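Quick note: the coordinates plus some simple rules give every number you see, no bench work behind them. Computed from a predicted model, the values in this text were never measured in an experiment. Quick reminder, even Gly has a Cβ in these numbers, built from the backbone with ideal geometry, and neighbours come from all protein chains shown.
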Amino acid sequence: MGKLSLDVLMRRPEAGAFLGMVFVAIFFTIFGGVLFVSPQGIASWLNVAANLGIIAVPVGFLMIAGELDISIGAMVPAASMTIGIVSGYYGLPIVVGIAVTLAFGVIVGLINGIVVVRTAVPSLIVTMGTLFAVAGLMLFLSIVLTNTTSVSMPNIEPWAKAIFGSFIFGTYQVMVIWWVVLTAMFFFFLHMSPWGNWVYALGGDKVSARNAGIPTDAVTIGLFVLSSVSASFVGMCQTILFNSAQVSAGQSYIFNTIISVVVGGVLLTGGFGSVVGIFFGTITFAIVNQGIYFTDFDRNLSSLIIGVMLLVAVLMNNTFRKMALAATTKKKGA
């Protein structure tokens, strides 16, 4: 029975992600020393994981459904600048800035989703277009409205600072709490609600899902909105945290998010993945990304390590997926 349970666990989408997370944690604990496992050391990668993780899960939903959203790379800085201009430069109430910022995320998400379902153009191409369009629009508007590419928000209301941009124990960003809470909600959505089955069905066979009565267009559009709003939320919180915003920040989220999702066990072909796996994959990426600064290794090796980690993760995920499919076939044959 114990062997059977272990076999079942090893066929889970998050199995490879968990093993990878444990490996890199042990690796950097050994080579990073005491400082890596100190409260400050943990905060260095946990804060990165929190900001990245809030975006990674919605992007993971899209990848499970067979789609992709790279416009998040422009949405983070665009949202950051939006609230900075509205509530920082023009001094409108922070509530107005938050509403405008999240509404902007909804609009971009709707544009992405509607164009994808109406034109059947690959989502990579569509979101690449919105990536450049949003970046260019925000650069243009920031120059026209403020005559600069960066703004400050010196006087943020205490309640907004506490909820969206404060530090817990002076080290951990409040985003860590948001990440945990949102991940729990995302877990319920994907694994405990009927809507989660719709997402998997889209990634498996969209035509069959539509024939089965699943509102494929509505689900696809909703997932794009969720992805865009999540990126907007992160950008907004960063402005509130650091009391400033600039147009150029955020492009790294594109590849960092995809790496975290793939390391988390989600297949690029869709139909396979889990929230827990993405959670582990995000932590793994954050540890590798920050852990090298606690070692004596050459800092230039960080990109090499991340690249190797991605390739290994893809191979491991392929292995676990084949194990799962083999077990399913064996059950059907029996």
Rg (one decimal) and Dmax (whole number) from the Cα set of region 111-253, in Å, equal 18.8, 54
Which peptide among 258-265, 95-102, 35-42 comes first, and what is the full order, when sorted by highest mean count of other Cβ atoms within 10 Å? 258-265, 95-102, 35-42
Would you list the membrane-span-like helices of the chain, meaning whole DSSP H runs whose alpha-carbon atoms span at least 18 Å along their axis and whose mean Kyte-Doolittle value is at least -1.0? 15-32, 39-64, 94-119, 123-146, 175-191, 216-242, 275-291, 302-333
So Phe169 and Ile30, fully extended at 0.36 nm per residue minus their Cα-Cα distance, gain in nm 47.4 nm
Give, rounded to the nearest 20 debye, the magnitude of the charge dipole that the chain has about its Cα centre when Lys and Arg contribute +1 at Cβ and Asp and Glu contribute -1 at Cβ. 880
If the chain between Arg299 and Ile143 were fully stretched, how many nm would it gain, using 0.36 nm times the residue separation less the Cα-Cα distance? 52.6 nm
Cα-derived Rg over Rh, computed across region 1-136 with Rh taken as Kirkwood radius: 1.11
Shape call, the chain: gyration tensor on alpha carbons, a/c limit 1.5: oblate
Report the local net charge at Ile83: Lys and Arg +1, Asp and Glu -1, summed over other residues whose C-beta lies under 14 Å from its C-beta. 0
Given only helices, namely DSSP H runs of n ≥ 4 each adding -39500 (n - 2.57), what is the per-residue ellipticity at 222 nm of the chain, to the nearest 500 deg cm²/dmol? -24500 deg cm²/dmol
Taking the Cα centre of the chain as the origin and placing charges on Cβ (Lys, Arg +1; Asp, Glu -1), which of Ile163, Val234, Phe61 is farthest toward the positive end of the dipole? Phe61
